[in-house]
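Visitor: Would you mind keeping the following structure in view while I ask a few things?
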Amino acid sequence: MEINRRNFIQLLAGGAAGIHMTPLPWKLMDDIAIWTQNNWPWVPKPEKGRFDHEKSVCTLCPGGCGIEVRKVGDRAVKIEGRTDYPVNPGGICPLGAGGLQLLYDETIRFTSPMKRVGPRGAGQFTAISWSEALATLAERIGMLRKEGRPEALAAVDGNRRGNAEGTLIRRLLESVGSPNYFRMPSIEDTYTTANLLMQGNPGPMAYDLENADYILSVGPALIEGWGAPGRVIAAWGRWHESSNGNGPKVVQVESRASNTASKSDGWVAPRPGTEAALALGLAHVMIREKLVDLSFLSNYTHGFEDWTDEEGRNRKGFRSMVLDGYAPAEVEGITGVSADRIVAIGREFGKAKSPLALYGKGKGNLNGSLLECMAVQSLNALKGNINKPGGAVVQEGLPVASWADVSPDAVAARGLETGRLNGSGSPRLPLSESLVENLSRAVLESNGTPPVDTLLVFAANPVYTLPDGGAFGKALGKIPFIVSFSPFRDETAAMADLILPDHTNLEKLEDVVWPTGLQYPFLGLSRPVVRPLYKTRHSGDAVIALAGKIGDPVAAAFPWGGFEEALKERLRGLAESPGLTSWDESKPAWETFARGRSVSPDYDSFDDLWDQLESSGFWYRPTHAFYTWLSCFRTPSGKFEFASGRLEQAVKAAAGGDAGDGLRKMGVEAVGDQAYMPHYEQTLSGDGEEGLKLVPYELFNVSTDRLPNPPFLTKTLFDTQLRKDESFVKMNPATADRLGLEQGERIRIQSDAGEVKARVDRFEGAMPGYLYLPMGFGHTAYGIYQKGKGVNPMNLVAAGKDPLSGQSVWWSARVRVSKA
């Protein structure tokens with residue numbers, strides 16, 4: 001291998017990635033475990049006895065990997081990956097392996113319902129009974145209904161889109177009469193909307209990456225937590241274990257030399273926020289050199305060629321827009337990627353038989369850009385690799401049954417007619433389902449009585465995770481009554497007036513709905529492997545009990561005796577659809593899926609299905625009807641749409657028919673026909689702004705979402721990521737030299753949203769002019785092994801807006817640096 005600057009960077013960072021993919025970190029964790037059992041009193045010390053094993057599904061991230069928990073008596077002592085599970089055969093990520101510390105560390109958990117007794121935010125609580133806690137909340141909600149203000153109840157929900165618990169929470173608000181249900185942002189929001197606009201189907205993004213022969217990964221941290229980590233890492237191993245080079249070529253697109261970028265076959269580093277322009281530059285090469293599927297484009301797409309609409313107007317198509325505006329030389333000026341490199345990658349992708357372009361942002365815990373996602377998906381369409389093996393598969397949602405509709409009374413009906421506080425679903429934001437960041441803005445900008453009286457927070461820690469520079473925490477200060485259902489003493493729970501603690505994942509029954517990016521329908525069933533350690537309660541059971549205490553008509557909308565009964569009713573839909581609850585390890589699910597053959601269910605009734613679900617923990621359907629292009633697209637044209645008819649309808653509705661005004665209201669700079677097609681918007685990158693920019697990034701072995709980081713994982717960090725209590729910010733040596741900064745020097749980083757202190761890590765893999773600060777640190781809550789460790793980059797990121805979707809633009813912030 002030629003030892004040039006680029007290969008040297010890949011060698012260094014690749015070594016770091018290699019260490020994390022070897023047994024070394026896990027051996028270190030075992031050694032630490034032995035020491036800590038004698039030095040940390042909360043670490044479990046199981047009695048000697050026979051080992052038992054319980055099978056379940058991990059819910060610590062959306063990946064839904066199968067886990068096997070080793071127990072001695074009633075004590076869980078180890079978590080491993082399951083080898084009899086189709087998604088992640090034997091694999092497990094660091095967070096999943098460290099999950100026992102989240103179960104047994106009493107210092108970070110709530111052990112019973114509690115009410116606040118000290119100043120808000122001080123985290124001072126006293127224990128109360130479940131009866132008192134539910135009665136207190138039910139009385140408050142009932143008072144809002146009596147006052148005719150049911151919409152003053154709001155909920156923030158971090159449960160995965162479509163799972164039973166989240167659906168119950170939304171149902172509670174609907175039955176009370178509030179439209180103000182907000183989900184936490186995730187990449188699923190971006191995927192769903194992009195699929196709706198281009199394919200007419202708001203189903204999951206399903207990537208058949210195991211059967212692709214060329215993978216262009218635009219943003220996903222493939223071996224650092226994206227999707228189902230066990231699945232992707234297993235696939236990565238297969239791709240690179242072949243000595244004859246038959247595995248697919250993997251090209252990673254991101255601005256930093258991450259582990260994924262360093263271990264890939266190729267790395268392309270555009271400026272953050274310019275990925276859409278890069279994708280369209282690749283499209284330009286493919287179209288110009290005729291490396292596209294002309295049959296698919298001619299017969300099954302709309303808006304590729306110039307066209308004439310129903311009113312007789314000549315409209316510009318995607319082909320003309322790309323050829324006119326995204327030549328490699330022009331894209332080089334936007335992205336910083338050389339024109340030659342753009343041409344080379346475009347040719348490679350275009351000449352591959354089954355190339356697959358993936359879109360994402362890191363692990364996927366936060367949203368991406370709608371326009372970027374559409375631009376990347378257009379590459380798959382150009383190759384006709386939509387709904388084909390090795391491509392982007394068009395999927396419906398899971399075939400679960402729906403509960404009976406809520407019948408709101410007059411009070412609830414009036415409340416539901418009020419507009420949502422965040423403006424989502426309105427003419428101004430028609431493509432947005434849930435903008436939780438706008439909730440904090442609505443509260444902070446209110447005068448007099450705040451629009452939210454009572455806020456319920458489920459499975460989320462928005463004070464810490466939201467990219468709004470602490471605005472959500474400030475908004476909580478104006479909300480009269482806050483209820484947290486968190487099992488953990490997190491930053492948001494510290495602001496609560498009432499705690500109704502949920503179980504942790506190993507104590508809880510939960511459905512895992514379609515892991516991110518998986519190509520076939522899948523539902524996992526996480527079940528308790530230990531009895532609840534403390535006086536906690538399943539949040540689904542708590543919601544049903546709360547509805548009962550509020551009384552009719554709210555109680556009538558929850559006819560179930562508990563969460564398990566409600567879940568069973570939903571899962572009856574699976575019994576009416578062919579699927580499997582067992583897996584033959586000799587037949588990988590992705591191989592079965594590619595054959596497209598039908599499967600015969602291995603159950604003959606719902607009772608049989610439920611018994612098998614409790615045993616195996618999963619239902620899946622590893623088959624698909626490929627090539628159904630005449631029927632799979634549900635767009636206005638009935639085809640895959642480069643020019644989105646649904647988007648144009650939404651824009652016109654936003655301004656009463658004036659498309660230009662509608663686009664401005666939705667934050668879109670483009671005008672004319674290109675506005676309805678994938679295109680690049682300068683606002684995403686802040687191109688033209690002078691000065692340094694900071695980019696938050698995620699680490700595989702650090703929890704960056706709502707969960708505390710298991711202490712053992714901190715021991716696997718390098719001292720250029722976190723040293724004692726100080727974060728390190730990565731910057732290119734050229735940038736450091738320009739600022740006069742040496743390795744390890746302490747600096748102050750300021751933005752319009754906030755300020756943090758960190759130490760310098762001179763890193764060749766950082767793009768010049770950009771700073772890279774790791775997420776998952778800087779907690780002000782939890783226990784001594786999380787609190788005060790490093791800094792939180794989200795405190796620096798002001799919530800800009802993604803055009804069209806209205807979601808926060810969180811991937812960079814303009815900053816100023818000085819020596820500390």
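The values are calculated or read from the model by the stated rules, or taken from the named source; none is laboratory data. It should be emphasised that the depicted structure is a prediction, and the values quoted were computed from it without experimental measurement. Don't worry about glycine lacking a Cβ; one is built from the backbone with ideal geometry, like all the others, and counts go over all protein chains shown. Accessible surface areas use protein heavy atoms only, side chains included; no ligands, DNA or RNA. Shrake-Rupley method; radii C 1.70, N 1.55, O 1.52, S 1.80 Å.
Visitor: Out of all the residues in the stretch 692-720, which are open to solvent by less than 30 Å² (accessible area, probe 1.4 Å), within 20 Å of Asn365 (Cα to Cα) and not in a strand (DSSP E or B)?
Guide: Of everything in the stretch 692-720, those that are open to solvent by less than 30 Å² (accessible area, probe 1.4 Å), within 20 Å of Asn365 (Cα to Cα) and not in a strand (DSSP E or B) turn out to be Glu698, Leu699, Asn701, Val702, Ser703, Thr704, Leu707, Pro708, Asn709, Pro710, Leu713.
Visitor: Report the residue count in the stretch 121-139 for those that are loosely packed, with under 15 Cβ neighbours inside 10 Å and outside any strand (DSSP E or B). Before you say what the answer is, go through the steps one by one.
Guide: Taking the stretch 121-139 and keeping what is loosely packed, with under 15 Cβ neighbours inside 10 Å, we get 122, 124, 126-127, 129, 131-132, 135, 139.
Those left that are additionally outside any strand (DSSP E or B): 122, 124, 129, 131-132, 135, 139.
Adding up the residues that qualify gives 7.
Visitor: Next up: Mind checking which residues of the stretch 402-414 are open to solvent by less than 30 Å² (accessible area, probe 1.4 Å) and of a type outside the set (Val, Ile, Thr)? I'd like the intermediate steps shown before the answer.
Guide: In the first step, residues of the stretch 402-414 are kept if they are open to solvent by less than 30 Å² (accessible area, probe 1.4 Å); the result is 403, 406, 412.
If the condition is that a residue be open to solvent by less than 30 Å² (accessible area, probe 1.4 Å) and of a type outside the set (Val, Ile, Thr), then Trp403, Ala412 are the ones that fit.
Visitor: State all residues of the stretch 194-214 that are more than 18 Å from Val253 (Cβ to Cβ), of a type in the set (A, V, I, L, M) and either within 15 Å of the chain's Cα centre (by Cα) or open to solvent by 10 Å² or more (accessible area, probe 1.4 Å) (or both); if no residue qualifies, say none.
Guide: Leu196, Ala206
Visitor: For the list (1) under 30 Å from the mean Cα position of the chain (by Cα); (2) exposed (fewer than 15 other Cβ atoms within 10 Å of the Cβ); (3) farther than 21 Å from Asn195 by Cα, I need the number of the one condition that Gly662 fails.
Guide: If we test Gly662 against (1) under 30 Å from the mean Cα position of the chain (by Cα); (2) exposed (fewer than 15 other Cβ atoms within 10 Å of the Cβ); (3) farther than 21 Å from Asn195 by Cα, just (2) comes out false.
Visitor: Checking Val77 against (1) more than 26 Å from the chain's Cα centre (by Cα); (2) open to solvent by less than 10 Å² (accessible area, probe 1.4 Å), which test does it fail?
Guide: It fails just one condition, (2).
Visitor: Out of all the residues in the stretch 87-111, which are open to solvent by 10 Å² or more (accessible area, probe 1.4 Å) and assigned to a loop (DSSP other than H, G, I, E, B)? Steps first, answer last, please.
Guide: Restricting attention to the stretch 87-111, the residues satisfying the condition of being open to solvent by 10 Å² or more (accessible area, probe 1.4 Å) are 89-93, 95, 97, 100-101, 104, 106-107, 111.
Selection gives Pro89, Gly90, Gly91, Ile92, Cys93, Thr111.
Visitor: Can I ask one more? Please specify each residue of the stretch 215-234 satisfying the condition of being more than 20 Å from Lys361 (Cβ to Cβ) and either in the same structural domain as Asn163 (by TED's automatic domain parsing) or open to solvent by less than 10 Å² (accessible area, probe 1.4 Å) (or both). Explain how you work it out, then say what you get.
Guide: Initially, the stretch 215-234 is screened for residues more than 20 Å from Lys361 (Cβ to Cβ), giving 230, 234.
Correct list: Gly230 only.
Visitor: State whether one or more residues within the stretch 254-272 are without any contact (Cβ under 8 Å) to a residue 40 or more places away in the chain and within 19 Å of the chain's Cα centre (by Cα). Outline the logic, then answer.
Guide: To start, the set of residues in the stretch 254-272 that are without any contact (Cβ under 8 Å) to a residue 40 or more places away in the chain comprises 254, 265.
Now drop any that are not within 19 Å of the chain's Cα centre (by Cα), which leaves 254.
Scanning the stretch 254-272 turns up at least one residue that is without any contact (Cβ under 8 Å) to a residue 40 or more places away in the chain and within 19 Å of the chain's Cα centre (by Cα).
Visitor: Can you find a residue in the stretch 621-637 that is β-branched (Val, Ile, Thr) and in contact with a strand residue (DSSP E or B) (Cβ under 9 Å, 6 or more places away or on another chain)? Break it down into steps so the answer makes sense when it comes.
Guide: Keep residues of the stretch 621-637 that are β-branched (Val, Ile, Thr), which gives 623, 628, 635.
Checking the rest, the ones that are also in contact with a strand residue (DSSP E or B) (Cβ under 9 Å, 6 or more places away or on another chain) come to 635.
Yes: the stretch 621-637 contains one or more residues that are β-branched (Val, Ile, Thr) and in contact with a strand residue (DSSP E or B) (Cβ under 9 Å, 6 or more places away or on another chain).
Visitor: Here's something else I'd like to know. Is the stretch 730-750 home to any residue that is at pLDDT below 95, assigned to a loop (DSSP other than H, G, I, E, B) and open to solvent by 20 Å² or more (accessible area, probe 1.4 Å)?
Guide: no
Visitor: Another question about this same structure. Working only within the stretch 401-439, note down all residues that are closer than 22 Å to Ile187 by Cβ and among the β-branched types (Val, Ile, Thr).
Guide: Across the stretch 401-439, the qualifying residue is only Val436.
Visitor: Quick one: in the stretch 787-807, which of the residues that are at pLDDT below 80 and closer than 26 Å to Arg489 by Cα is most open to solvent (accessible area, probe 1.4 Å)?
Guide: Ala798
Visitor: When you look at Gly266, is it modelled with pLDDT under 95, surrounded by fewer than 24 Cβ atoms within 10 Å (Cβ to Cβ) and at negative phi, yes or no? First the steps, then the outcome.
Guide: Working: modelled with pLDDT under 95: no; surrounded by fewer than 24 Cβ atoms within 10 Å (Cβ to Cβ): yes; at negative phi: yes.
Against the criterion (modelled with pLDDT under 95, surrounded by fewer than 24 Cβ atoms within 10 Å (Cβ to Cβ) and at negative phi), Gly266 does not qualify.
Visitor: Does the stretch 406-423 hold any residues that are among the β-branched types (Val, Ile, Thr) and part of a loop (DSSP other than H, G, I, E, B), and which are they? Spell out the reasoning first.
Guide: First pass over the stretch 406-423, keeping only residues among the β-branched types (Val, Ile, Thr): 406, 411, 418.
Within the stretch 406-423, Val406, Thr418 qualify.
Visitor: Let me ask you something else. Can you pull out the residues in the stretch 579-610 that are of a type outside the set (D, E, K, R) and open to solvent by 80 Å² or more (accessible area, probe 1.4 Å)? Spell out the reasoning first.
Guide: First, the residues of the stretch 579-610 that are of a type outside the set (D, E, K, R): 579-583, 586, 588-590, 592-594, 596, 598-601, 603, 605-606, 609-610.
Across the stretch 579-610, the qualifying residues are Ser586, Ser598, Ser600.
Visitor: Restricting to the stretch 347-373, and then to whatever is surrounded by 24 or more Cβ atoms within 10 Å (Cβ to Cβ) and closer than 17 Å to Val292 by Cβ, can you tell me which residue is farthest from the chain's Cα centre (by Cα)?
Guide: Phe349
Visitor: For the stretch 633-659, what are the residues that are more than 16 Å from Gly672 (Cβ to Cβ) and among the polar types (S, T, N, Q)?
Guide: Scanning the stretch 633-659 gives Thr635, Ser637, Gln649.
Visitor: Looking at the stretch 517-529, which of its residues are open to solvent by less than 10 Å² (accessible area, probe 1.4 Å) and in a loop (DSSP other than H, G, I, E, B)? Break it down stepwise before answering.
Guide: Let us first name the residues in the stretch 517-529 that are open to solvent by less than 10 Å² (accessible area, probe 1.4 Å), namely 517-526, 529.
Within the stretch 517-529, Leu518, Gln519, Tyr520, Pro521, Val529 qualify.
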